[in-house]
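Okay, structure first, notes after.
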Amino acid sequence: MVRTFFMRIIYLCAMVDYIVVGLGLAGIAFCEQLEANGKSFQVFSDTSQTSSIVAGGLYNPVILKRFTLAWNAKEQLKLVTPFYQKIEEKLAIKIDFKIPVLRRFASIEEQNMWFEAADKPQLNYFLSTKILKNENQHIHADFGYGEVLYTGWLDTKLLLKCYKEYLVEKGQCTTASFDFEKLKIADEFVAYEGIKAKQIVFATGFGLHQNPYFSYLPLNGTKGELLTIKAPELKEDNVIKSSVFIIPLGDDLYRIGATYKWKDKTNLPTQESKEELLEKLDSFLKCDYTVVDHVAGIRPTVADRRPLVGRHPKHANLYALNGFGSRGVMIAPTAAQHLFEAIEHQKQVHPEMDIARFTKKYFKGN
């Protein structure tokens, strides 16, 4: 009797194709797939996860600390420009800025390492072999710079703000927190808060560890902190990557980052990380500045440095889109496309990011 009554209530719910939980870079990328393919959807997004909001926003195909190519970078970069350009046109905003990333060399040895990396087949497309002379008197860079090609900066804060406003205005976004106890799962649909959907996708960043259906996944979470400084004398138009990066934001403002902490899982900025960033910045910046902002967030990182994308092993209409770490700007468009095609066209999710790789080891049948 109870189940019969429950099913009658469910069938009275408004019907959509998808419920999307979370509206960071992953959630936005998946909503773009849905909208482009004429799918109806409803988004639930609070502000509990801040990693996309406080992200550095760089897209850069090369891991400059080790001079190695980021995972799947070429495929990801093919989608970056058209994906964000489409959003710019739709929302009438400017968020994608093509800015060179210059790797500061601290020694002749680092120059040599750069040239060795540039000779590798995977990297020669992305690394310029011309050493650039430092022309900014306020930056100590006697050994010059190496330039990474096909790089840029995304204003993630503006993107998230405007995209949420866009969906709220259309009545497609609810800003209340998602309550898992209210989620009802049937064989062919899910229901939540008066909405019935064929599928539900969780794109909640580090919040995935609180999800009772996907908490088995090994999402570690790495805290990152960023500063914003005002430096009127600096006048730098390039991204400078040294022990920290400097990203020009305009109006003499620059973003400085980032830290990597594995134990602290709060979104609160710390004095320790602020001092760490300033000490590294002062080792090569030679002008006065003022700290005007300090933010923190938990990156959704995974032990094998691959995203978490795919279907729940037990519930066929539950999906995860997560685990982008510090490279969400680049990964999100590609990962969202892979997931959409897997759901709608039964295509294989890239094996290296399919959550099926963890099913046998971690899933206990929840």
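A few points about this structure:
- Whole-percent carbon and sulfur share, accessible surface of segment 111-153, 1.4 Å: 47 percent
- Across the alpha-carbon set of segment 144-268, the Rg to Rh ratio works out to 1.08, Rh being the Kirkwood radius.
- Span from the segment 175-203 Cα centroid across to the segment 286-301 one, whole angstrom: 36 Å
- A straight Cα-to-Cα reach below 27 Å connects Lys120 with the lysines Lys65, Lys74, Lys78, Lys98, Lys130, Lys133, Lys241, residues fewer than 8 places away in its own chain not being considered.
- If the segment from Glu35 to Gln137 were pulled out straight at 0.36 nm per residue, it would be longer than the present Cα-Cα gap by 31.9 nm.
- Using a probe of 1.4 Å on the protein chains alone, the accessible area found for Leu91 is around 30 Å².
- Segment 173-331, accessible surface, carbon-and-sulfur percent (1.4 angstrom probe): 46 percent
- Within the shell defined by Cβ-Cβ distances under 10 Å, the residues around Ile246 carry a net charge of +2, with Lys and Arg each +1 and Asp and Glu each -1.
- Residue-level accessible surface for Ser243, protein heavy atoms, 1.4 Å, Å²: 60 Å²
- The chain: angle of helix 73-91 to the longest principal axis, Cα-based, in degrees nearest 10: 70 degrees
- Listed residues Glu147, Glu181 arranged by accessible area, highest first, probe 1.4 Å: Glu181, Glu147
- Inter-probe distance in nm under a simple model that places probes 7 Å from Cα toward Cβ, at Asp179 and Asp282: 5.1 nm
- The simple spin-label model puts a point 7 Å past each Cα toward its Cβ; for Ile93 and Glu193 those points are separated by 2.1 nm.
- Selection among Leu167, Leu208, Ser242 by position relative to the dipole of segment 159-312 gives Leu208 as farthest towards the positive end (Cβ unit charges, Cα centre).
- To the nearest 10, the accessible area of Glu109 is 120 Å² with a 1.4 Å probe.
- Hits among lysines - C-alpha to C-alpha of Lys314 under 17 Å, sequence gap 8 or more where chains match: Lys184, Lys198, Lys360, Lys361, Lys364
- For the pair Thr47 and Thr266 in one chain, pulling the backbone fully straight at 0.36 nm per residue adds 77.5 nm over the alpha carbon distance.
- Here the relative contact order of the chain, from alpha carbon pairs under 8 Å that lie six or more residues apart, stands at 22 percent.
- Under the Debye formula (equal points on every Cα, no solvent term), log10 I(q)/I(0) of segment 200-245 at q = 0.15, 0.29 Å⁻¹: -0.63, -1.18
- The ellipsoid that matches the Cα gyration tensor of the chain has semi-axes, each √(5λ) in whole angstrom, of 40, 21, 19, with the longest given first.
- Segment 121-226, relative contact order [Cα under 8 Å, separation at least 6], %: 12 percent
- Based on Cα contacts under 8 Å between residues 6+ apart, segment 8-141 shows a relative contact order of 16 percent.
- Surface accessible to a 1.4 Å probe, per residue, for the residues of segment 209-366, Å²: 46 Å²
- Of all the options Asp288, Asp237, Asp155, the one that moves most in a Gaussian network model of the chain with Cα springs shorter than 10 angstrom is Asp288.
- Å² per residue, accessible surface of segment 97-203 at 1.4 Å: 53 Å²
- Ratio Rg/Rh [Cα only; Rh per Kirkwood] for segment 97-141: 1.00
The values are calculated or read from the model by the stated rules, or taken from the named source; none is laboratory data. These numbers were taken from a predicted model, which means no experiment stands behind them. With ideal geometry, Cβ positions are generated from the backbone for all residues, glycine too; neighbour counts draw on all protein chains shown. Surface accessibility is based on the protein's heavy atoms, side chains included, excluding ligands, DNA and RNA. Shrake-Rupley method; radii C 1.70, N 1.55, O 1.52, S 1.80 Å.
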